[in-house]
1. How much area per residue is accessible in the chain when the probe is 1.4 Å and only protein heavy atoms are counted (Å²)?
2. Considering the dipole of the chain built from charges on the beta carbon (Lys and Arg +1, Asp and Glu -1) around the Cα centre, which of Val127, His154, Pro139 is farthest to its positive end?
3. Using the crude model of +1 on Lys and Arg Cβ and -1 on Asp and Glu Cβ, and no other charge, please compute the dipole size for the stretch 88-221 relative to its Cα centre, in debye to 20.
4. Can you list the residues, at least 5 places off or on another chain, whose amide H is less than 5 Å from the amide H of Ala94, using H built in the peptide plane?
5. Between the stretch 166-207 and the stretch 28-84, what is the C-alpha centre distance in whole Å?
6. Could you give the C-alpha radius of gyration of the chain expressed as a fraction of 2.2 N^0.38 Å, taking N as the number of residues it contains?
7. Could you check how much of the accessible area of the chain is carbon and sulfur, as a whole percent, using a 1.4 Å probe?
8. With charges set only on the Cβ (+1 for Lys and Arg, -1 for Asp and Glu), what does the dipole of the stretch 71-113 come to about its Cα centre, in debye to the nearest 20?
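The values are calculated or read from the model by the stated rules, or taken from the named source; none is laboratory data. Note that the structure is predicted; figures quoted are calculated from it, not measured. Cβ coordinates were reconstructed from backbone atoms using ideal geometry, including for glycine residues, and neighbour counts include every protein chain displayed. With ligands, DNA and RNA removed, areas are computed over all heavy atoms of the protein, side chains included. Shrake-Rupley method; radii C 1.70, N 1.55, O 1.52, S 1.80 Å.
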Amino acid sequence: MSTQAKAYRGVAMEGFIADWYARNTARDFRRFSETARAVAERAKPGGRVLEVAPGPGYLAIELARRGYEVVGLDISRSFVRIATRNAASAGVAAKFEHGDVAHMPFPDASFDFVVCTAAFKNFTDPVGALDEIHRVLRPGGGASIVDLRKDAPHAAIGEEVARMGLSPLNAALTRWTFRLLLLPRAYTRESIVELARRSRFGGCELGEEGIGFDLRLAKGA
Ligand SMILES: C[S@@+](CC[C@H](N)C(=O)[O-])C[C@H]1O[C@@H](n2cnc3c(N)ncnc32)[C@H](O)[C@@H]1O
């Protein structure tokens, strides 16, 4: 029997961890609507959008509300269930599938745009993930990888957590998760740009906002 390398760094986001994350981020509408707006500036209206690692599906739902045909792919079966339920409650047609970003179950050139938020630092094969994103994009398509910056100031992380409206204990746990689990895995500007250069995209543009970066990728027409 062949052994497969683990597809993510850290713990699996299954069961109660997925429920906790879904509850914590449910009120974070500002983050999802700002990202949806940024996607809409680059993705053609009504286009086919893939969200890689959508977790509870809040961004995918926001994109579906804006008229995109949205598919989400996540390694966590709990999140596939939660996101499917959330999309049904929201009355949108976003679809969610189980799978690994580095081996996606989609044909070549099947999406106009790919977006991924708060997840890239968890991928164990980041160049493989970028190459797969490149493969499933149509020529002329684009991608946006939004994630935590290694140099995000602790004060800014505190403000971000405060905006989530959590109980004091949960806010403390969330700040602790950022500082001790997420920041150590986060990419520096130099390291994320270098990964994009080594991938099939061959390069990128990098934007920075708040505690994160937005790695903007384009597939030649
Ligand atoms: C912190 S959550 C982010 C969820 C959501 N994108 C957000 O912005 O709130 C990280 C997500 O990455 C997913 N994930 C981790 N490794 C993955 C992989 N190799 N392929 C697909 N999804 C993966 C996890 O299951 C989880 O849904």
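1. Details: 10790 Å² over 221 residues.
Per-residue value: 49 Å².
2. The Cα lying farthest towards the positive end belongs to His154.
3. Details: 16 positive and 17 negative charges, 24 e Å.
Here the size comes out at about 120 debye.
4. Those lying under 5 Å, H to H, from Ala94: there are none.
5. For the stretch 166-207 versus the stretch 28-84, the Cα centre distance is 19 Å.
6. Values: Rg = 16.4 Å, N = 221, 2.2 N^0.38 = 17.1 Å.
In units of the 2.2 N^0.38 Å rule of thumb, it is 0.96.
7. Numbers: 5950 of 10790 Å².
Carbon and sulfur together cover 55 percent of it.
8. Its charge dipole is roughly 320 debye.
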